[in-house]
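Following: one structure in structure tokens, then a few remarks.
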Amino acid sequence: MIIAPKIRGFICTTAHPDGCAQHVAEQIAVVKSRGPIENGPKRVLVIGSSTGYGLSSRIAAAFGANASTIGVFFERPGSADSTATAGFYNTRAFEIQAKAAGLYARSFNGDAFSDAVKSEVIEAIKADLGQVDLVIYSLASPRRTDPKTGEVYKSVLKPIGQSYTNKNLNTSTGVVNEVTIEPADQDEIQQTIHVMGGEDWELWTDALLEAGVLAHGVQSVAYSYIGPSMTWPIYKNGTIGCAKEDLERAQRSLDAKLAPLAGKAWVSVNKALVTQASSAIPVVPLYISLLYKVMKDEGTHEDTIEQMDRLFRDRLYNGNPQPDEAGRIRVDDWEMTPEVQQIIAERWAAVNTENFKDIGDFEGYQSSFLRLFGFGLAGVDYSADTDASVGIPSLTA
């Protein structure tokens with residue numbers, strides 16, 4: 001089939017296997033160009049490994065530290081007449097590259113919130129690796145089924161206390177408009193915490209500890225975002241912010257649980273980037289477009305792979321994690337410099353549809369979005385007949 005992007009709102013409903021493979025290859029090249037990650041992890045579990053920061057974490061560990069990796073995700077395979085999700089093709093490409101490099105890579109496609117998948121993964125660790133020395137928790141999901149009660153929780157992206165109105169970007173048209181979002185009720189807040197907070201990170205860690213598959217000195221990292229004050233009503237002070245506070249609660253709890261292994265739990269606050277998750281948050285795409293313009297002009301722009309390579313290379317494995325006053329690792333530090341934020345604040349006040357293309361990076365935003373799904377990459381023949389039903393080696397062997 002000939003595969004083209006089909007965009008509906010903030011989602012692309014198609015993905016290109018060759019384009020996703022090229023995107024993965026480019027990320028691998030970035031890591032290799034920086035040389036080996038000294039004293040890096042050797043046996044890594046990535047929960048939420050198929051896109052965004054999770055995928056880049058797996059790539060950085062494998063191709064920067066020669067680590068064996070196990071990845072967990074929930075993705076749709078392709079068929080003769082429909083494409084797989086991008087994360088499925090990303091994982092296929094990663095496994096092929098890992099095998100060519102002589103690296104162990106095994107993947108699990110299923111509900112990472114479930115007890116069954118946790119058990120499967122633990123058995124694989126026991127059989128193949130013995131233990132893991134790094135756990136990355138990078139799940140982003142709109143819903144979660146509680147493995148104990150069967151209750152389905154659904155997350156919402158809403159402010160708390162009062163409605164919120166601010167500038168917004170129509171990512172299909174480039175029109176700068178306004179959006180008003182009504183506040184969440186208490187049940188929506190609690191459900192969002194159940195989905196996006198630290199509860200499942202704790203359940204994973206408890207299961208891994210009980211099974212004895214966490215190595216001495218293990219590190220466990222979950223990802224978060226804080227951002228500038230202009231986004232706080234919908235992010236930091238909204239429902240998702242409550243979930244991120246719960247993630248930090250879990251980090252403190254896990255720190256104590258990992259202490260007997262001389263282990264450490266971290267929350268890493270990462271930069272705002274175009275990901276499948278961030279594209280869904282109102283207001284944030286406009287901020288990202290302005291941010292890209294400023295940081296590219298300054299030469300400090302990073303994508304997910306540069307962020308994760310820096311996290312591993314300069315924070316987790318060099319003996320100098322540089323935690324902030326709350327104990328979080330901050331690789332959003334270049335984004336949050338006063339100089340960058342001052343420029344963005346001035347442009348935020350001034351931005352409208354007419355001047356947006358001059359003071360923002362709409363082209364960069366759109367390009368980054370399409371690349372998530374394997375489109376717009378150099379060296380890929382998008383006019384060629386392409387097999388959408390290709391499989392992931394470790395799932396088809």
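Since every read-out is calculated from the coordinates, none of them should be taken as a lab result. In this text the structure is predicted, and so the values were computed from the model without any measurement. Every residue, glycine as well, gets a Cβ built from its backbone with ideal geometry; the counts of neighbours run over all protein chains shown.
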- Once the Cβ-Cβ distance between LYS257 and TRP334 is put in as r, and R0 is 25 Å, what FRET efficiency do you end up with, to the nearest 0.05? 0.20
- What shape does segment 303-397 have by the C-alpha gyration tensor, where a ≥ b ≥ c are the square roots of the eigenvalues, rounded means a/c under 1.5, and otherwise prolate means a/b greater than b/c and oblate the rest? oblate
- With a 19 Å threshold on alpha-carbon distance, the violating pairs from LYS42/LYS99; LYS293/LYS357; LYS271/LYS293; LYS118/LYS148; LYS118/LYS244; LYS42/LYS244 are LYS118/LYS244; LYS42/LYS244
- Task: Starting from the Cα gyration tensor of the chain, take the square roots of the eigenvalues, sort them a ≥ b ≥ c, and report rounded, prolate or oblate (rounded when a/c is under 1.5, otherwise prolate if a/b is larger than b/c, else oblate).
- Result: rounded
- With a ≥ b ≥ c the root eigenvalues of the C-alpha gyration tensor of segment 1-132, is it rounded (a/c under 1.5), prolate (a/b larger than b/c) or oblate? oblate
- Query: Based on DSSP H runs of at least 4 residues, each adding -39500 (n - 2.57), what is the mean residue ellipticity at 222 nm of the chain after dividing by all its residues, to the nearest 500 deg cm²/dmol?
  - Reply: -12000 deg cm²/dmol
- Hey, what did segment 270-397 get for relative contact order, percent, Cα under 8 Å, at least 6 apart? 34
- Item | Alpha carbon centroid spacing (whole Å) that separates segment 129-146 from segment 74-118 | 14
- Starting at the first residue of segment 244-257, write each ³J(HN,Hα) from the Karplus equation 6.51 cos²θ - 1.76 cosθ + 1.60 with θ = phi - 60°, in whole Hz, x for Gly and Pro. 5, 5, 5, 4, 5, 4, 5, 4, 5, 5, 6, 3, 5, 5
- Exposure proxy check on CYS20, CYS12: fewest-to-most Cβ neighbours within 10 Å is CYS12, CYS20
- Message: I'd like to compare 324-332, 371-379, 303-311: which one has the highest average count of other Cβ atoms within 10 Å, and what's the full order after that?
- Response: 303-311, 371-379, 324-332
- Task: Could you let me know the centre-to-centre spacing of segment 34-59 and segment 155-218, using Cα atoms, in angstrom?
- Result: 23
- Query: When ranked by the protection proxy of mean other Cβ atoms within 10 Å per residue, highest first, what sequence do the peptides 388-395, 209-216 form?
  - Reply: 388-395, 209-216
- Task: Report the relative contact order of segment 98-240, percent, no decimals, based on alpha-carbon pairs under 8 angstrom and at least 6 residues apart.
- Result: 30
- Non-local residues with an amide H under 5 Å from the amide H of ARG76, with H modelled 1.01 Å from N and Pro and chain starts lacking one, are THR85, PHE88
- Taking amide H positions as placed 1.01 Å from N in the peptide plane, with prolines and chain starts having none, which residues 5 or more places from VAL221, or on another chain, fall under 5 Å of its amide H? VAL135, ILE136, TYR137, TRP266
- For the chain, what relative contact order do you get, as a whole percent, if you take Cα pairs closer than 8 Å and at least 6 residues apart? 23
- Tell me, what is a quarter of the convex hull surface for the C-alpha atoms of segment 135-288, in nm² with one decimal? 9.7
- ³J(HN,Hα) computed for each position of segment 202-216 - Karplus, 6.51 cos²θ - 1.76 cosθ + 1.60, integer Hz, glycine/proline x: 5, 4, 4, 5, 4, 5, 5, 5, 4, 7, x, 9, 9, 6, 4
- Task: Mind jotting down the distance between the C-alpha centroids of segment 244-301 and segment 323-397, whole Å?
- Result: 14
- Quick one: order LEU290, LEU273 by neighbouring beta-carbon count within 10 Å, fewest to most. LEU273, LEU290
- For segment 352-369, what does the Karplus curve 6.51 cos²θ - 1.76 cosθ + 1.60, with θ = phi - 60°, yield as ³J(HN,Hα) per residue in whole Hz, taken in order and with x for Gly and Pro? 8, 4, 5, 9, 4, 5, 7, 9, x, 10, 5, 4, x, 4, 4, 4, 4, 5
